[in-house]
Amino acid sequence: MPSDSSEPRVSRRFSGTVNADDQETETFAVKQDATIEQVTVRFYQGPRLDLEVFPFVEDEEGRRRSLIEVYGRDAIVGDNDIFPFAVSEPVRREDVVGVEVTNNDTEHAYAYTVDVTLEREGGVSRGVLSYIKGVF
């Protein structure tokens, strides 16, 4: 998240290609308290569910928590799909937001894109601020 931006809402894009039978992790450090409001995962054509995307937040102690709960799987999978997930996950300054992408195909590399939208007028106090703005 750029530290010089004064915009209340910012987006961060993770994008790459994971080689056959490989794993890639991309991260960024949060510069101020915020709330993650949306995570959009895009799978390009080809992986036939062999590409797994795991968006996460890691706190200062190194504990990871998933941004998206997928029942029956440990990660999001797809093929030529776009999945927008509405979330409300508070993050604190110095938390790390990231994606871990695993390619289980032993022959082909596959591309992915993950967009994470943060609301800076958020964090722990978001509920109170939203309520007050709605009343007045």
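Quick one: would you say residue 74 is of a type in the set (D, E, K, R) and more than 19 Å from residue 105 (Cα to Cα)?
No: the conditions fail for residue 74.
Residues of the range 44-71 that are under 25 Å from residue 106 (Cβ atoms) and of a type outside the set (Gly, Ala, Ser): 44, 45, 47, 48, 49, 50, 51, 52, 53, 54, 55, 70.
For residues that are basic (Lys, Arg) and surrounded by 14 or more Cβ atoms within 10 Å (Cβ to Cβ), scanning just the range 79-136, find the one that is modelled with the highest pLDDT. Walk me through how you get there before you give the answer.
First, the residues of the range 79-136 that are basic (Lys, Arg): 92-93, 120, 126, 133.
Of the ones still in play, those that are also surrounded by 14 or more Cβ atoms within 10 Å (Cβ to Cβ) are 92, 120, 126.
Details: 92: 95, 120: 89, 126: 52.
The extreme case among them is 92.
Among the residues of the range 32-72, which ones are among the basic types (Lys, Arg) and crowded, with 16+ Cβ neighbours inside 10 Å? Write out each step before concluding.
Keep residues of the range 32-72 that are among the basic types (Lys, Arg), which gives 42, 48, 63-65.
42 - this is the single residue of the range 32-72 that is among the basic types (Lys, Arg) and crowded, with 16+ Cβ neighbours inside 10 Å.
Filtering the range 67-78 to residues that are modelled with pLDDT under 95 and not hydroxyl-bearing (Ser, Thr, Tyr) leaves 69, 70, 72, 73, 74.
Among residues of the range 76-94 that are over 11 Å from residue 40 (Cα atoms), those with a Cβ under 8 angstrom from a residue that is of a type in the set (Ser, Thr, Tyr), sequence gap 6+ or separate chain, pair up as 80/44; 88/35; 89/35; 90/35; 91/35.
Please identify the pairs in which a residue from the range 1-30 that is at pLDDT below 95 and surrounded by 12 or more Cβ atoms within 10 Å (Cβ to Cβ) has its Cβ atom under 7 Å from the Cβ atom of a residue that is hydroxyl-bearing (Ser, Thr, Tyr) and not in a loop (DSSP other than H, G, I, E, B), counting only partners at least 6 apart or on another chain. Here the result reads 9/117, each pair linking the range 1-30 to a residue that is hydroxyl-bearing (Ser, Thr, Tyr) and not in a loop (DSSP other than H, G, I, E, B).
Of all the numbered requirements in (1) under 18 Å from residue 9 (Cα atoms); (2) more than 12 Å from the chain's Cα centre (by Cα), residue 49 misses one, and that requirement is (1). Taken over the range 10-64, the criterion of being basic (Lys, Arg) and under 19 Å from residue 75 (Cα atoms) is satisfied by 13, 42, 48, 63, 64.
The values are calculated or read from the model by the stated rules, or taken from the named source; none is laboratory data. Quantities reported herein were computed from a predicted structural model and do not represent experimental measurements. Note that we place each Cβ from the backbone using ideal geometry, even for glycine, and neighbour counts take in every protein chain shown.
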